[in-house]
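Participant: This structure is in structure tokens; I'll ask about it shortly.
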Amino acid sequence: MTGGGTGIGLAITRALVQAGAHVTIVGRDLARLDKVRSELANVSTLQADLAVKTERERLVAEVSSQDRPLDLLINNAGIMQYFALADDRALDRLDTELALDLHAPIHLTTALLPHLLARPEAAIVNITTGLIYAPFGNTPGYSAAKAGLHGFTRSLRWQVRNTNLKVVELMPPAVDTNMTRRYDGSKTDAASIAKALMQGLANGVDEVRPGQTKALYAMSRLAPAFIFRALNKAVDKTPLD
Ligand SMILES: NC(=O)c1ccc[n+]([C@@H]2O[C@H](COP(=O)([O-])OP(=O)(O)OC[C@H]3O[C@@H](n4cnc5c(N)ncnc54)[C@H](OP(=O)(O)O)[C@@H]3O)[C@@H](O)[C@H]2O)c1
């Protein structure tokens, strides 16, 4: 579970532990990960900055050498930056955001695929966003990364369709976590997103669209230009980073 120390990742970690799983949580802040480990049974921690390729390679090597088999990979770690593309730092920001939100899940998925395919039953969960249906104009790196991950997830699902590997995409709506602390619209709680994912996994659902994502999905089919404009007008007040 990447980014398992906070927010949605932590809520899913709790749900998985409750269901009997052993979960290895990954992030940069080892103290925070260790705090979770001390509070929950059956949790291990691994520190890695997933925006850095060599750190991802080290993580894959460590996971691959563990005695415990890997049945489930959850690509959850992510950042979302509000910035203008005309900003001087825009290119650096895009690099970091694409590295973490797009390259990291693609890298981990591809490198760990042989382990997952060797299991009698396994799953990969990629966490994108309801915003793949109507992207925010002021989060251009995030929008690009999540749309890219959505496409990659569909390609992957196609390639492994005749195997025991299930490929699931979780598309949360606005959730009350560190990531959305400056967004003042309505937000749901992370525990309800974890519950929706657990139900989706149990029911064999490919794309899990909790709460408002379901409505956003429907609106994006019925009136895509309207919903894009309405959503962006509503969040345009959120200050840029
Ligand atoms: N909150 C929402 O409204 C919402 C909506 C749709 C989708 N999502 C998606 O849900 C996922 C989780 O987000 P969240 O809302 O739970 O936010 P969050 O609480 O900020 O969690 C992000 C996690 O990613 C980890 N992370 C950040 N940079 C990292 C790096 N370079 N290397 C390794 N780990 C890193 C963080 O741990 P460290 O700081 O310890 O590294 C943290 O645990 C993201 O993919 C996000 O796009 C969120």
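The values are calculated or read from the model by the stated rules, or taken from the named source; none is laboratory data. On a predicted model such as this, the values are computed, not experimentally measured, just so you know. Here Cβ is always computed from backbone atoms with ideal geometry, including for glycine, and neighbour counts include all displayed protein chains. Keep in mind that these areas ignore ligands, DNA and RNA; they rest on the heavy atoms of the full protein, side chains included. Shrake-Rupley method; radii C 1.70, N 1.55, O 1.52, S 1.80 Å.
Participant: Starting from the stretch 97-122, take each residue that is crowded, with 16+ Cβ neighbours inside 10 Å and list its partners that are part of a helix (DSSP H, G or I) and aromatic (Phe, Trp, Tyr), counting only C-beta distances under 7 angstrom and pairs at least six apart or across chains.
Facilitator: Qualifying pairs under 7 Å: Glu97/Tyr142; Asp101/Tyr142; Ile106/Phe152.
Participant: Now a separate question. If Arg14 satisfies all but one of (1) charged (D, E, K, R); (2) in contact (Cβ under 8 Å) with a residue 60 or more places away in the chain; (3) near the ligand (Cβ under 8 Å from one of its atoms), what's the number of the condition it fails?
Facilitator: Every condition holds for Arg14 apart from (3).
Participant: Give the stretch 18-49 a look and list any residue that's surrounded by fewer than 17 Cβ atoms within 10 Å (Cβ to Cβ), more than 10 Å from the ligand (Cβ to nearest atom) and at pLDDT 95 or above, or say none.
Facilitator: Gln18, Ala19, Gly20, Ala21, His22, Asp34, Lys35, Ser38, Glu39, Asn42, Ser44
Participant: Oh, and also: Restricting to the stretch 165-186, name every residue that is more than 6 Å from the ligand (Cβ to nearest atom) and either closer than 20 Å to Gly4 by Cβ or outside any loop (DSSP other than H, G, I, E, B) (or both).
Facilitator: Within the stretch 165-186, Leu165, Lys166, Val167, Val168, Glu169, Leu170, Met171, Asp176, Arg181 qualify.
Participant: Now for a separate question. Within the set of pairs 6+ apart or on separate chains, which have a first residue in the stretch 45-69 that is farther than 14 Å from Thr2 by Cβ, a second that is surrounded by 13 or more Cβ atoms within 10 Å (Cβ to Cβ) and of a type in the set (Lys, Arg), and C-beta atoms under 9 Å apart?
Facilitator: Pro69/Arg119
Participant: Looking only at the stretch 187-208, count every residue that is away from the ligand (no atom under 12 Å from the Cβ) and among the acidic types (Asp, Glu) and tell me the total.
Facilitator: Total meeting the criteria: 2.
Participant: Do we find a residue being farther than 25 Å from Gly185 by Cα, of a type in the set (A, V, I, L, M, F, W, C), at pLDDT 95 or above and more than 10 Å from the ligand (Cβ to nearest atom) anywhere in the stretch 125-134?
Facilitator: Checked against the condition, which is being farther than 25 Å from Gly185 by Cα, of a type in the set (A, V, I, L, M, F, W, C), at pLDDT 95 or above and more than 10 Å from the ligand (Cβ to nearest atom), the stretch 125-134 yields at least one hit.
Participant: Only residues in the stretch 222-236 that are free of Cβ contacts under 8 Å to residues at least 12 places away in the same chain count as the first member; pair them with residues that are open to solvent by 60 Å² or more (accessible area, probe 1.4 Å), Cβ under 6 angstrom, at least 6 apart or cross-chain, and list the lot.
Facilitator: none
Participant: Here's a follow-up. Residues of the stretch 193-208 being over 24 Å from Ser155 (Cβ atoms) and loosely packed, with under 15 Cβ neighbours inside 10 Å, which ones?
Facilitator: Within the stretch 193-208, Gln199, Ala202 qualify.
Participant: Return only the number of the condition from (1) within 11 Å of the ligand (Cβ to nearest atom); (2) in a loop (DSSP other than H, G, I, E, B) that Asp88 does not satisfy.
Facilitator: Failing condition for Asp88: (1).
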